[in-house]
Amino acid sequence: MDKRLGIYIHIPFCAGKCAYCDFYSLVGREDMIPKYQKALLTHIRESGSQLQGYIIDSIYIGGGTPSFYGAGRLAELMNALKKYGRVMVDGEFTVEVNPDSIDYPGLVKLRRAGFNRLSIGAQSANDGILKSVGRLHNFAKVEETVESARRAGFENVSLDLIYGLPSQTREDWADTLTKTLALKPEHFSCYGLKIEEGTALYPYKDSPFIPDDDLQADMYLYAVDALGRYGYRQYEVSNFARRGFASVHNLKYWQMGEYMGFGAAAHSCVSGQRYSYVRDMELYADNILAGRSVVDHAESITDFERAGEYLMLGLRTTRGISEQEYYDIFPCKFDLARELMDSYIEHKWMVKNDDRWSFTPEGFLLSNVLIGEILDAQTKQRMSIVSPWKQEGGEEYQFSMFSKRPGEVQLFRGIT
């Protein structure tokens, strides 16, 4: 049976840098676009032999702002993947767009190239808040973009929203949900504002104008309830979809599928290897075009790491995890983790259906801490194996499946 593969392409160009953004993106470097495009096309072509071993069932072009890069270039990238890879006719092919950098002709061009899913960066319905964080559109442009997308033939539209923005109130957030629900998208992504060092908002992270954790929690729980009442099932901590419209590509990350990245700062996880490319657009383009490596970090994934990632990523989803699936990856006792999760059920942070544990909305609010406790429990849950071979004198060899010391926490590197 052919293996499935997701493709991610990173476009680091933007018309403006949002105040909260810590993704790898650059403003005012349009001079590099032709060279970067040439490097991407070269990289895809040179990866053709590796791509032929898979069926590509999802493509996701993110950034940055792919729509600012230009619909024609995005179509060229799609055509290159079709030429050098085995792309499913009915796969999921997503491109991120901002309302200020896409129009109806551009959307038609994207749809004709084969893109069938849009992720629109709406963020808020409050024009004042949008302006305060550096967004270059107003909500009327969001409405116009959705309408144009429908006319262009897109039947799968996702809206990105952020709660906890500066000066945002509960009423503002409720109004944003009401107005975006009226647009009838197939999918919502709702992210809580995280202010990272190096962003324009960082000096204001302790400002009274930034909603505190309790207010963000209220906004999150309100979104879960409101979207659920309108038929959007939560399937991951931040994602909600109508039946049949959960993101195929994003589920690859959370369900440990294989994916291959192209572009500066892109990540890949293929054939038990995880690697990332240099977080430098010029270096990426120069090295690709000169035939040099662009790998910044690479590592093999052990079974122990895979098991930990199964817990960490699976618990981000409402499908959750099962003990048997964990055993299939790594044969370690599950007693401590089971006891912890059963205690979370008592606190109403978790539910158990059949053999699967998953977080409740209230549990998702604490998931970073709770998942850390579960990972710690599995690190402590040593499994000793008695070897069938014996030393001279009949003394048995014993060894531990874990090299960790008791109480030491194993950290797992995730890809976001």
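Identify all residues within region 153-194 that are aromatic (F, W, Y) and free of Cβ contacts under 8 Å to residues at least 60 places away in the same chain; write none if there are none. Break it down into steps so the answer makes sense when it comes.
Here is the first cut: in region 153-194, the ones aromatic (F, W, Y) are 154, 163, 173, 188, 191.
Those that are aromatic (F, W, Y) and free of Cβ contacts under 8 Å to residues at least 60 places away in the same chain: F154, W173, F188, Y191.
Filter region 324-383 down to the residues that are among the basic types (K, R) and assigned to a helix (DSSP H, G or I), then identify the one that is nearest to the chain's Cα centre (by Cα). Break it down stepwise before answering.
As a first pass, look at region 324-383 and keep what is among the basic types (K, R): 333, 338, 348, 352, 356, 380, 382.
Pick out the ones that are also assigned to a helix (DSSP H, G or I) and you get 338, 380.
On the way: R338: 27, K380: 29 Å.
The qualifying residue nearest to the chain's Cα centre (by Cα) is R338.
Could you tell me whether region 330-342 includes any residue that is within 23 Å of A266 (Cα to Cα), basic (K, R) and not assigned by TED's automatic domain parsing to the domain that holds N250?
At the first step, the residues of region 330-342 found to be within 23 Å of A266 (Cα to Cα) are none.
Within region 330-342, not a single residue is within 23 Å of A266 (Cα to Cα), basic (K, R) and not assigned by TED's automatic domain parsing to the domain that holds N250.
Go through (1) under 22 Å from Y60 (Cβ atoms); (2) touching a residue at least 24 places away in the same chain (Cβ under 8 Å) and name the single condition R150 misses.
Among (1) under 22 Å from Y60 (Cβ atoms); (2) touching a residue at least 24 places away in the same chain (Cβ under 8 Å), the lone unmet condition for R150 is (2).
Any chance region 304-317 includes a residue that's in contact with a helix residue (DSSP H, G or I) (Cβ under 8 Å, 6 or more places away or on another chain), crowded, with 18+ Cβ neighbours inside 10 Å and β-branched (V, I, T)?
Filtering region 304-317 for residues in contact with a helix residue (DSSP H, G or I) (Cβ under 8 Å, 6 or more places away or on another chain) gives 306-308, 310-317.
Going one step further and asking which of them are crowded, with 18+ Cβ neighbours inside 10 Å, we end up with 307-308, 310-317.
Next cut, β-branched (V, I, T) only: 317.
Taking every residue of region 304-317 in turn, at least one turns out to be in contact with a helix residue (DSSP H, G or I) (Cβ under 8 Å, 6 or more places away or on another chain), crowded, with 18+ Cβ neighbours inside 10 Å and β-branched (V, I, T).
I'd like the full set of residues that are of a type in the set (G, A, S) and either surrounded by 20 or more Cβ atoms within 10 Å (Cβ to Cβ) or modelled with pLDDT under 95 (or both), limited to region 159-176. Even if it seems obvious, please write down each step before you answer.
Residues of region 159-176 of a type in the set (G, A, S): 164, 167, 174.
Result: G164, single match.
Please enumerate the residues belonging to region 178-214 that are touching a strand residue (DSSP E or B) at 6+ places or on another chain (Cβ under 9 Å) and among the hydrophobic types (A, V, I, L, M, F, W, C).
Scanning region 178-214 gives L181, L183, F188, C190, L193.
Of all residues in region 238-248, which are of a type outside the set (S, T, N, Q) and surrounded by 22 or more Cβ atoms within 10 Å (Cβ to Cβ)?
Residues of region 238-248 of a type outside the set (S, T, N, Q): 240-246, 248.
The answer is F240, A241.
Looking at the structure I just gave you, is N156 of a type in the set (S, T, N, Q), crowded, with 17+ Cβ neighbours inside 10 Å and in contact with a Lys or Arg (Cβ under 6 Å, 6 or more places away or on another chain)? It would help to see each step written out before you state the result.
On the way: of a type in the set (S, T, N, Q): yes; crowded, with 17+ Cβ neighbours inside 10 Å: yes; in contact with a Lys or Arg (Cβ under 6 Å, 6 or more places away or on another chain): yes.
In short, yes.
From S67, S132, S119, which residue is under 19 Å from L181 (Cα atoms) and of a type in the set (S, T, Y)? Let's see the steps before the verdict.
On the way: S67 fails: under 19 Å from L181 (Cα atoms); S132 fails: under 19 Å from L181 (Cα atoms).
So the residue among S67, S132, S119 that is under 19 Å from L181 (Cα atoms) and of a type in the set (S, T, Y) is S119.
The values are calculated or read from the model by the stated rules, or taken from the named source; none is laboratory data. Predicted, not measured: the structure shown is a model, and the values here were computed from it. Here the Cβ is made from the backbone with ideal geometry for all residues, glycine too, and neighbour counts use every protein chain on show.
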